[in-house]
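**Q** One structure, pasted below without further comment.
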Amino acid sequence: MQNIIELRNVNVIYEGERIPALYNITLDIMRGEFVAVIGPNGAGKTTLLETINGLLQCTSGIVKVFGKDVKKYGNEIRKRIGYVIQNFEIDPLDPFIAKDVAMMGRIGRLGLLRFPKSDDWKIVLDNLKILGVDALADRAIGKLSGGEFQKILIARALSQEPEILLLDEPLSNLDLDSRKRLCELLSDLHESRGLTTIMVSHDISYIPEICSRVIVLDKGRIVCEGGKEEVATLECVSRMLHKGVKHV
Amino acid sequence: MFDLPLYLLIVSMVGAILAGLSCSTLGIFVVRLNIVSVGYCMSHAAFAGAAFGIMMGYDPLLFAILFSIGIAVLLGPLSDKAKLDSNVIIGVTFSLMIALAFIFLNFVPGVAATGAALSILWGSLFTIDINDILILFLITFLVLLFLILFYKELSAILFNRKLAEASGINTKLFLYTILFLTALTVSVSLKLIGGLLVFALIVNPTSTAYQLFFDFKKITVFSPLIGIASCLSGYVVSLESDFPLGASIVVVSSVIFAFSVIISPKRRKGRLLL
């Protein structure tokens, strides 16, 4: 399999901070892999995703995606990566229509001075349908519930027809049934399109069965990695993920 | 009333329409990006520029434009590099520009010079000529062209800058261009409606459109139309009542905004469908 994401000794330190958000990360992800990243709050999961797509510049080390340096070719690379952002706050009065927000995912791919054509709209509407939110296509985005909005953001990322999909806690706002259906959809997309997927979660139980590798992050370091079953049984992982949670 | 020469009537009316169109089109970006105070900053940079021009014995308008554009060129990179909120930087540069203006004017003896610099802040209908109209037309054309050609990129940035960047859009380039065009429009509109009041023309029509529509496409169409309507109505009020043009436009556009808040569908009570 071809190496699609490559991180070498990557450190990320936010401005004004001294403690790295990511510390000496070396990671290879192959084309078509489904990788889950788990860890407690503040482990560096979102930082890892945004370092991969270049929204955050690493302080030291090398990040290559599609064999190209993210620092140099950031915009070009990001056109081929779908990103579903975490905890996105939306103003109820926001003047944007759901289908237009989903179309925004294709804008980088379309390129400058090109306008969306009927084929582009078909892709967008198909993705809204796959996620079961096609009936909301003409609704104002601020009028949607958290879960509905989350699905629009996922449709937005899929409409980009990405080669890599980065999902930051994609199930967080969804009900149980929607979580199950989204996991099935992600598994289908992974199988049918060979979509390289990196999914961040703070809970190992949310990770789809199809996931080939689970990476455990804590305090910016990769603590361990392995198959889902293997990682789930590790006592240190269980302790880390449930740290601070009192079971009554 | 209307006892002005026809030429002056037509030129000033066209000027009002163009100023309304360009300012309220840029307002779509300025209001959404929450950089409303950028208008204050640029108009006072223009004031400082005019004062500098008078001090040096050159055309005050030329230096007003140069100072305004200079601020626009500085604002974007400064807020990015310094990681400061753009409103903080605008607040600092705003007071700096006022201070510079008073220092420059201090070197020029006489009240007339101060009056000339202040006229940049207040504007006058009767100082506009055909050359100003041509420049204003060119700027308006550039603003509209920018909006039409890059509508999809701009709408994505205005929805969420981070997501737009994640889709591979060079957001910095677009934001800097918005600032540059705002500076250009503000400084060119100064002569007609004045630096202080051009700011209201950027904010009021767009804020009205934001009250009325949920669809960004409709906002991009109606904001310039409301801007033109505000300018024309303000123009008529000014001629009828002998009020200053800039002040009349602001009053009219503020009344339209207040009315839009009252009738806004965004605040309408929900009704049960039976």
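**Q** Being modelled with pLDDT of 85 or more and polar (S, T, N, Q) is the filter here; which residues of segment A:210-246 pass it?
**A** Once the filter is applied, which keeps residues that are modelled with pLDDT of 85 or more and polar (S, T, N, Q), segment A:210-246 yields only A:Ser212.
**Q** Among the residues of segment A:77-117, how many are surrounded by fewer than 16 Cβ atoms within 10 Å (Cβ to Cβ), more than 9 Å from chain B (Cβ to nearest Cβ) and of a type in the set (Lys, Arg)?
**A** Total meeting the criteria: 1.
**Q** Would you mind stating whether B:Gly15 is crowded, with 24+ Cβ neighbours inside 10 Å, touching a residue at least 12 places away in the same chain (Cβ under 8 Å), in contact with a Gly (Cβ under 7 Å, 6 or more places away or on another chain) and over 26 Å from B:Ala99 (Cβ atoms)?
**A** Details: crowded, with 24+ Cβ neighbours inside 10 Å: yes; touching a residue at least 12 places away in the same chain (Cβ under 8 Å): yes; in contact with a Gly (Cβ under 7 Å, 6 or more places away or on another chain): no; over 26 Å from B:Ala99 (Cβ atoms): yes.
No, not satisfied.
**Q** Does B:Phe174 satisfy being more than 14 Å from every other protein chain (Cβ to nearest Cβ) and surrounded by fewer than 24 Cβ atoms within 10 Å (Cβ to Cβ)? Give the steps one after another, and end with the answer.
**A** Values: more than 14 Å from every other protein chain (Cβ to nearest Cβ): no; surrounded by fewer than 24 Cβ atoms within 10 Å (Cβ to Cβ): yes.
Here the answer is no, as B:Phe174 does not meet what is asked.
**Q** Here's a follow-up. Going through B:Leu197, B:Leu184, B:Leu144 one at a time, which residue ends up being surrounded by fewer than 19 Cβ atoms within 10 Å (Cβ to Cβ), within 26 Å of B:Ile17 (Cα to Cα), touching a residue at least 40 places away in the same chain (Cβ under 8 Å) and more than 10 Å from chain A (Cβ to nearest Cβ)?
**A** Details: B:Leu197 fails: surrounded by fewer than 19 Cβ atoms within 10 Å (Cβ to Cβ); B:Leu184 fails: surrounded by fewer than 19 Cβ atoms within 10 Å (Cβ to Cβ).
The match here is B:Leu144.
**Q** Only one of B:Leu125, B:Leu163, B:Leu118, B:Leu190 is at pLDDT 90 or above and either in contact with a Phe, Trp or Tyr (Cβ under 8 Å, 6 or more places away or on another chain) or more than 13 Å from chain A (Cβ to nearest Cβ) (or both). Can you tell me which?
**A** Numbers: B:Leu125 fails: at pLDDT 90 or above; B:Leu118 fails: at pLDDT 90 or above; B:Leu190 fails: at pLDDT 90 or above.
Residue meeting the stated conditions: B:Leu163.
**Q** Moving to a separate point now. Within segment A:190-213, which residues are aliphatic (A, V, I, L, M) and within 14 Å of the chain's Cα centre (by Cα)?
**A** Within segment A:190-213, the first condition is being aliphatic (A, V, I, L, M), and the residues that meet it are A:195, A:198-200, A:204, A:207, A:210.
A:Leu195, A:Ile198, A:Met199, A:Val200, A:Ile207, listed by residue number.
**Q** Identify, from the list B:Leu96, B:Leu61, B:Leu84, the residue that is surrounded by 15 or more Cβ atoms within 10 Å (Cβ to Cβ) and at pLDDT below 80.
**A** Working: B:Leu96 fails: at pLDDT below 80; B:Leu84 fails: surrounded by 15 or more Cβ atoms within 10 Å (Cβ to Cβ).
Just one listed residue meets the conditions, B:Leu61.
**Q** Here's something else I'd like to know. Answer with yes or no whether A:Ala155 is of a type outside the set (Val, Ile, Thr), under 20 Å from the mean Cα position of the chain (by Cα) and within 29 Å of B:Pro265 (Cβ to Cβ).
**A** Details: of a type outside the set (Val, Ile, Thr): yes; under 20 Å from the mean Cα position of the chain (by Cα): yes; within 29 Å of B:Pro265 (Cβ to Cβ): yes.
Taking the combined requirement at face value, the residue satisfies it.
**Q** Take segment B:36-53 and flag every residue that is of a type in the set (Val, Ile, Thr) and buried (at least 24 other Cβ atoms within 10 Å of the Cβ). Quick ask: steps written out before the conclusion?
**A** The first filter runs over segment B:36-53 and keeps only residues of a type in the set (Val, Ile, Thr), leaving B:36, B:38.
Correct list: B:Val38 only.
**Q** Before we move on, is A:Ile152 of a type in the set (Val, Ile, Thr) and surrounded by fewer than 22 Cβ atoms within 10 Å (Cβ to Cβ)? Reasoning before the result, please.
**A** On the way: of a type in the set (Val, Ile, Thr): yes; surrounded by fewer than 22 Cβ atoms within 10 Å (Cβ to Cβ): no.
It is false that A:Ile152 is of a type in the set (Val, Ile, Thr) and surrounded by fewer than 22 Cβ atoms within 10 Å (Cβ to Cβ).
The rows are residues; the columns are (1) touching a strand residue (DSSP E or B) at 6+ places or on another chain (Cβ under 6 Å); (2) closer than 17 Å to B:Ser37 by Cβ; (3) among the hydroxyl-bearing types (Ser, Thr, Tyr).
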position: B:Tyr176; (1), (2), (3): no, no, yes
position: B:Thr182; (1), (2), (3): no, yes, yes
position: B:Thr185; (1), (2), (3): no, yes, yes
position: B:Val188; (1), (2), (3): no, no, no
position: B:Phe199; (1), (2), (3): no, yes, no
position: B:Pro205; (1), (2), (3): no, no, no
position: B:Ala209; (1), (2), (3): no, no, no
position: B:Leu212; (1), (2), (3): no, no, no
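**Q** Go through segment A:124-154 and report how many residues are within 14 Å of chain B (Cβ to nearest Cβ) and touching a Ser or Thr at 6+ places or on another chain (Cβ under 9 Å).
**A** We begin by selecting, within segment A:124-154, every residue within 14 Å of chain B (Cβ to nearest Cβ); these are A:124, A:136-144, A:149-150, A:152-154.
Going one step further and asking which of them are touching a Ser or Thr at 6+ places or on another chain (Cβ under 9 Å), we end up with A:124, A:150.
Final tally of qualifying residues: 2.
**Q** Since A:Thr59 meets every condition but one in (1) surrounded by fewer than 18 Cβ atoms within 10 Å (Cβ to Cβ); (2) over 22 Å from B:Ser155 (Cα atoms); (3) within 14 Å of another protein chain (Cβ to nearest Cβ); (4) among the polar types (S, T, N, Q), which condition does it not meet?
**A** Among (1) surrounded by fewer than 18 Cβ atoms within 10 Å (Cβ to Cβ); (2) over 22 Å from B:Ser155 (Cα atoms); (3) within 14 Å of another protein chain (Cβ to nearest Cβ); (4) among the polar types (S, T, N, Q), A:Thr59 violates only (3).
The values are calculated or read from the model by the stated rules, or taken from the named source; none is laboratory data. If you're wondering where the values come from, they're calculated on a predicted model, not measured in any experiment. Don't worry about glycine lacking a Cβ; one is built from the backbone with ideal geometry, like all the others, and counts go over all protein chains shown.
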